[in-house]
Amino acid sequence: MEPELCLSALLAALCAAPAAAQTDPDAAFNAALSGISQTVAEGSLPKALGGRPQSPAATAISCPDAQELEIPFTLSVPAMADGYRMEFVYAGCRTEPRNDYLPPYTERSYKGPRGYGLTMVTDEGAAESQVLVSKGKDWVGDFGKLANARLASGGWIDAGSIISMDSAKSPASLRGRPDYPQLKACEAAMGGQFGQYLKPVLRGRDGKPFMGYDEAGYGQSQTVAVSLVLLTQDAAYYYSEACDICADVDVCDFKTGKVKGLIHAHSIDCRDMAPYTQGNIIYDACAPRQP
């Protein structure tokens, strides 16, 4: 091609670009986000993620680091017209290497309604993860780095904001919905701790385990609610109140599947449990509710 013809073609392409951009269905949404998103500006995102959200589909069902995060999540945005509460389903993960100076990281994806997605990025061996929210091709929320134990605790986390097409910035809350399948053997073994006249109940009708000190106590028909108060990679600790003036903590060892009594007292609080909060903690009822 002659130089003059090549230059003419290039100028024609450049001139046509703005017109093409105006037909982009995401243009209005992208324009609304620009200038109001300091917290989710590209420069504040993990460099490993690049400038755009990844597809919710990931390369593996489960990754070894921070597996406690592989659960459904609920995102609550009261002021947002297009979704008060959105449910996110875990969609997979991938582990990526970096270089000699930065550790590998695990990126987990969660698929939500209407094009919304969650992304959680965990550096290898880290006890916290960066939590981001996407809408289609854009980042619309950044919860920052949150402790993995808090994310998996089942409690609401008020730590972020979401940008939507109809609201510049709306406060948002995030809550994990754990079911902890690794507890099934321990739950079956808990029956022997209460004798033949009292039956322990460890999960609600929704299939989720009772969690925290306030969920334990007497039930109906000679049942007692037994609640998970501490979970590590090696053991589960259960709290119960089998009488009016007593409290117990039993521990189940994952290696043996056996349960034994740990603390029996008139009352039990976080100070009594402090000696056992060592190592890799997945859930701790005594951890602060606010990040």
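Throughout, read-outs are computed from the coordinates displayed, never taken from laboratory work. Remember, predicted model here, so these are calculated numbers, not experimental data. FYI the Cβ positions are ideal-geometry reconstructions off the backbone, even for glycines, and counts take in every protein chain you see.
Taking each residue as 0.36 nm, the span from Asp234 to Arg205 lengthens on full extension beyond its C-alpha to C-alpha distance by 7.8 nm. Listed peptides 104-111, 279-286 appear in the order 104-111, 279-286 once ranked by packing, highest mean of other Cβ atoms within 10 Å at the front. Restricting the chymotrypsin sites (Phe, Trp or Tyr not before Pro) of segment 195-250 to loop positions (DSSP other than H, G, I, E, B) with no more than 15 neighbouring Cβ atoms within 10 Å leaves Tyr197.
Phi angles of segment 112-125 translate, via the Karplus equation with coefficients 6.51, -1.76, 1.60 and θ = phi - 60°, into HN-Hα couplings of x, x, 6, x, 7, x, 10, 9, 10, 10, 10, 5, 3, x Hz per residue; Gly and Pro are given as x. Of all beta bridges that DSSP places with both ends in segment 181-284, some 85 percent have antiparallel geometry. Once the Cα-Cα distance is subtracted from the 0.36 nm per residue extended length, the Lys255 to Arg175 segment shows a gain of 25.8 nm. With the simple model of a label 7 Å out from the Cα in the direction of the Cβ, His266 to Ala127 spans 3.3 nm. Each of the peptides 133-146, 247-260, 113-126 was scored by the mean count of other Cβ atoms within 10 Å over its residues; in descending order, highest first, they stand as 133-146, 113-126, 247-260. Longer than 19 Å from Cα to Cα, which of Lys111/Lys137; Lys184/Lys260; Lys184/Lys255; Lys208/Lys258; Lys184/Lys258; Lys135/Lys208 are they? Say none if no pair is. Listed pairs above 19 Å: Lys208/Lys258; Lys135/Lys208. Globularity index of segment 214-258 is 1.25 (Cα radius of gyration / 2.2 N^0.38 Å, N = number of residues).
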